[in-house]
Amino acid sequence: MRTWRWALGFGLVAIGVAGGVRSLTSVDVFDHGAHAGLFVGCASCHAVGTPAGETAPTTVTAVACGRCHDGTREETVDWTEPARRPTNLAFSHVEHGGLVASAGDDPIACAGCHSTGGGRLMDVGPAQPETCIGCHAHESAAHLEATECVACHVPLASATGLTTGRIAEFGRPSDHDAPDFASSHGDGASEASCAVCHVRQSCARCHLDADRQPAVLSLAADSRVAPLLADLEGEWPEPASHAEPGFADRHGADGVATCGTCHAASSCEGCHRRGARAWLAEMPRPGPDEPRGVVVTASGPASHTARFAIEHATAVGAGAASCESCHAPAECSNCHTGATAGLSAAAPAVALEPSPHRDPRGGERESGYHIANFVQRHGAEAFGVQTTCTDCHSTEAFCRDCHTRSGVGVGSNESAGGAYHDTRTSWLIGHGASARMGLEACASCHQQTSCLRCHSAKAGWGVNPHGSGWDPARVSERSLLSCAVCHTSDQIPPP
Amino acid sequence: MSPGRRPGLALGCVAAALAVTVVPTLAQGFRAQFDGRGSFIEMRPLARDSVPESQVPGDGLRRKLADGTWVSCTPDDFCRWYGAASTQMVSVITQDLRVSGWGGPPGLSGRVHVRGRFGSDEFWPGTRRDVDLVAAYADYDRGRIRAQVGRIGRSDGLGYYNFDGATFLYRGPGRFWIEGYAGSSLVTGLNEPRTGVVFAETEDLPPDDRGWLLGARAGGQVGPVSGSVAYQRDIRTDRKALYSERVAVDLRALVGRWALDASTDFDWMTATFNDARLRATVMLPGDLELSAEGRHFEPFFESWTIWGAFSPVGFDEARGAVAWRWAEHGLRFEASGGYRSYGDTGTQLEAQTVREDGWRLGGAGTWDGAGWSALLSYYADVGPGAARYGGDASFGRSFGSSGFVSLRGSRTQTFGELRFNEQFVTGVGLDASWRIHDFSLNGGASIYRLDGTEQPDEDDWTQARAYGGVTVYFGRDPGMSR
């Protein structure tokens, strides 16, 4: 019951409001057709009572009506001049007429613009845009195909009489529907023509950097447009350049000024998340109610292939990927400084090979390069040099230190008596081939002095360690001290 | 605390104090990250043991004890072998503080990275010093120039290295650039000069002089091809000798779906190509990626060691890999393999033949869907010196960017380096991480069972491990704040 009463009450109020609004907005409309044949010219009505020099031949005062509707010849009428329709036309009847006359052209009769084509004097109506372009130099046949709107229209911000509703009725030029319009509309555009329909807020719907674009800043802000944009999403079509091969590796070349049109800083930070980047500070940072732009989710560039974590050396060396754009040098040291926290600290549980961009758990590793339990299975990798251990680890201070502490390696002047390499019965005299194929592995357990006990020119057994390709002149030229270790030094222990 | 730790401690404390006070104070903005991590690992070192040779039955240099342990005997002396020492718990505790500050003139920033190891028991390598100054430098990067001064870490075609000095980079017209740097060289992974305490304690013949690192790089990009040439010389400060002299050339071309890489490192002192690679990778439609690589490798040694004079022999290797992603099902597969062949060692005395080639083969599959993930992998690597076969599996649940929990397991068969040491390692573990705003925790625990089949005296045993860590961020991430 209460619902029914509410509905009735609401309906009555709505009807009342609607009626009131209609009465407030009603204007008298003159029926030109009903008056056909009564006048010899437009000026019979449109020029009466008009102060000279004003643009008001378009208006008709009650005085003009009263010349016939005087209560004697015709009944009186209650005529109220219709309010001047707000417009953004840059047009003045007086000025227009004066310009035509001053140019020596024939004066234009009212019907020249206002005729509706009926042929009679009173077959008239509002002038149509096509009528204007019939005379004026206009690049296109249809009104909304024009590109130089400013020839006839004033900027929207100057057309203060236009309501939001009227602005919403603006037509849409056909070229705005072109597929590439969103990405190319700035090319050669006349800011003045754009300003006929658009204000600063219009551009800010898509241009995240609107507050720093001169073309956008040249437009005025206008609160009437805001309601029209409230529900419109920005449009950010993907430029063709983004699909070009290698774009991810060189996309910064165009600079922030270009990227910032569609991308906010947060979009960059998906990848460029490390360190203080001066250019990053220049990227737009939209407020809570402002467009977010094209959001790029974090991912490595295409050049970071599946095995990039262990194969990135060449890319780093070539400088192709501008590594420091995304990675602070400190990130390199997360892996490249040898021991950090020891075993399994924050490293991914398991992986075939380390791959920081493709951790199946989706996390980004902060430290820990090797797979879990690498310490107990690193022998094969170390011998095979799948990656270069010495890029991160000091053979002497890391590998040998650990091997010695864990009992694998031998200390100074110590010998295991062949107990370690126990698969070789005569290891000592036959170790040459293994040593030359895995000399880094030897050094990871043995001190130099261990080898010098035999391989020394001054002491020991004098076994020559040099291979057939050894170039003593080349080495001695650069480091004679290296030769001295074996050939003249007193540091060599006895065998 | 060893005497050598005190200078490092003092230096580190000063650096840390500067990092947490001066940098944020001077900078208009700063960002800091603290990582505290601790690992607790049961270790059981090996210990050499021996009995008089006369007490071991049999003859020859290689015999077996009654329990099956292989021993190496010296006539009229002893028979020796490796056995198990007592188990001990190793603690590896590190504290990393990274601070970045920026402000003042546009493009100016500074970074400090200090690593502490308070609480570590020095067993684990690299934990001998309480404090490391990993990096500390001022950076000016604006327009065509970039300059850095301080303790700088760099990655280029010569690998990763760091030094105390300065770099200057000039970006020329187009995409060409040139860079020069100079400073006091540091040891890779140690963050200290060759004359530092770590080398002094671990190396019988440590270098007796520091080094000056001088280098230059030039590079650029023409169309899809980018590349650089790097030259570096590390010279003793007394100028009596070079520690190293190297050149690197790196080229990369991204042409359509192809990535072509070519690189080489050349040791000027021994006229050796240390690592030369030629690799082609193609990304085919359907998220299929193929790569093939040819590689030559020979190890590089600095001239203060004798190792380079031993004429190390490298290998040539062919590698291939395929990866395929089935995005709609969250699946990803990859497989890789390689075969390498070593050069002629030129040695005359061979007690037994040694394998002169090696191969590796691996495959993995991952699944990631609706927060769940799984992984299965298998890998085999066989070559002279060592080999392993094994597989891993994990199953986990992630909670957006907040955290994850994951269960993992693995089983690996390994073979010792030219010794009787076949071992199976079977392990299970649990990892978890949780992040709340600028604060995150992670931790895990695992158990590994080690079963040996060759040396009974290296008893089978079960190893326990646990780790935990906390990460806290301070300040604001440049660009992340609104």
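Taken over the range B:455-482, the residue count meeting the criterion of being modelled with pLDDT of 80 or more and either touching a strand residue (DSSP E or B) at 6+ places or on another chain (Cβ under 7 Å) or assigned to a strand (DSSP E or B) (or both) is 16.
This table checks each residue for (1) facing chain A (nearest Cβ under 7 Å); (2) touching a residue at least 60 places away in the same chain (Cβ under 8 Å); (3) of a type in the set (A, V, I, L, M, F, W, C); (4) touching a Ser or Thr at 6+ places or on another chain (Cβ under 9 Å).
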position	(1), (2), (3), (4)
B:Asp357	no, no, no, yes
B:Leu376	no, no, yes, yes
B:Ala380	no, no, yes, no
B:Tyr389	no, no, no, yes
B:Phe399	no, no, yes, no
B:Gly403	no, no, no, yes
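Table: residues versus (1) more than 30 Å from A:Gly418 (Cβ to Cβ); (2) surrounded by 17 or more Cβ atoms within 10 Å (Cβ to Cβ); (3) touching a residue at least 40 places away in the same chain (Cβ under 8 Å).
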site	(1), (2), (3)
B:Trp258	yes, no, no
B:Asp265	yes, yes, yes
B:Trp304	no, yes, yes
B:Ala318	yes, no, no
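Listed here are the residues, each with its yes/no results for (1) acidic (Asp, Glu); (2) within 21 Å of the chain's Cα centre (by Cα); (3) surrounded by 18 or more Cβ atoms within 10 Å (Cβ to Cβ); (4) modelled with pLDDT of 90 or more.
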residue	(1), (2), (3), (4)
B:Gly143	no, no, no, no
B:Val149	no, no, no, yes
B:Arg154	no, yes, yes, no
B:Leu158	no, yes, yes, yes
B:Tyr170	no, no, no, yes
B:Ser184	no, no, no, yes
B:Gly189	no, yes, yes, no
B:Arg194	no, yes, yes, yes
B:Glu201	yes, no, no, no
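Checked against (1) more than 19 Å from A:Thr131 (Cα to Cα); (2) polar (S, T, N, Q); (3) modelled with pLDDT under 80, A:Thr72 passes all but a single condition, namely (3).
Here is the figure for the range B:197-245: residues that are within 7 Å of another protein chain (Cβ to nearest Cβ), under 19 Å from B:Thr272 (Cα atoms) and of a type in the set (Val, Ile, Thr) total 0. Candidates in the range B:417-456 are the residues that are buried (at least 16 other Cβ atoms within 10 Å of the Cβ) and away from chain A (no Cβ under 11 Å); of these, the one that is farthest from B:Ala66 (Cα to Cα) is B:Gly452.
Scanning the range A:442-468 for residues that are in contact with a Phe, Trp or Tyr (Cβ under 6 Å, 6 or more places away or on another chain) and modelled with pLDDT of 90 or more, we see that the one that is nearest to A:Thr395 (Cα to Cα) is A:Ala443. Residues that are touching a strand residue (DSSP E or B) at 6+ places or on another chain (Cβ under 6 Å) and of a type in the set (Ser, Thr, Tyr) are absent from the range B:307-314 altogether. Meeting the requirement of 2 or more residues that are of a type in the set (Gly, Ala, Ser), under 27 Å from B:Gln463 (Cα atoms) and at the interface with chain B (Cβ under 8 Å from one of its Cβ atoms), the helices (runs of 4 or more DSSP H) wholly within the range A:372-456 are A:378-384.
Could you list, in sequence order, all residues of the range B:295-345 that are small (Gly, Ala, Ser), closer than 18 Å to A:Cys442 by Cα and within 7 Å of chain A (Cβ to nearest Cβ)? Correct list: B:Ser303, B:Ala309, B:Ser311.
One residue alone among B:Ala85, B:Ala138, B:Ala66 is surrounded by fewer than 19 Cβ atoms within 10 Å (Cβ to Cβ), within 27 Å of the chain's Cα centre (by Cα) and farther than 20 Å from B:Arg37 by Cβ, and that residue is B:Ala138. Those strands (runs of 3 or more DSSP E) of the range B:75-177 in which at least 1 residues are touching a strand residue (DSSP E or B) at 6+ places or on another chain (Cβ under 6 Å), among the β-branched types (Val, Ile, Thr) and facing chain A (nearest Cβ under 9 Å), considering only elements entirely within it, cover B:88-102, B:131-142, B:145-156. Scanning the range B:246-257 for residues that are in a strand (DSSP E or B) and either within 9 Å of chain A (Cβ to nearest Cβ) or of a type in the set (Asp, Glu) (or both) gives B:Ala248, B:Val249, B:Asp250, B:Leu251, B:Arg252, B:Ala253, B:Leu254, B:Val255. For the range B:204-233, a tally of residues being assigned to a strand (DSSP E or B) and not β-branched (Val, Ile, Thr) returns 18. None of B:Gly308, B:Gly294, B:Gly362 is crowded, with 17+ Cβ neighbours inside 10 Å, modelled with pLDDT of 90 or more and assigned to a strand (DSSP E or B) except B:Gly362.
The residue of the range B:267-291 that is surrounded by the fewest Cβ atoms within 10 Å (Cβ to Cβ), among those that are facing chain A (nearest Cβ under 8 Å), closer than 30 Å to B:Arg210 by Cβ and not hydroxyl-bearing (Ser, Thr, Tyr), is B:Ala271. Number of residues in the range B:96-121 that are crowded, with 21+ Cβ neighbours inside 10 Å and under 19 Å from B:Tyr473 (Cβ atoms) equals 15. Every condition in (1) outside any loop (DSSP other than H, G, I, E, B); (2) more than 7 Å from every other protein chain (Cβ to nearest Cβ); (3) of a type outside the set (Lys, Arg); (4) surrounded by 21 or more Cβ atoms within 10 Å (Cβ to Cβ) holds for A:Ala484 except the one numbered (4).
The values are calculated or read from the model by the stated rules, or taken from the named source; none is laboratory data. As the structure is a prediction and not an experimental result, all values here were calculated from the model. Backbone-built Cβ (ideal geometry, glycine too); neighbour counts: all protein chains shown.
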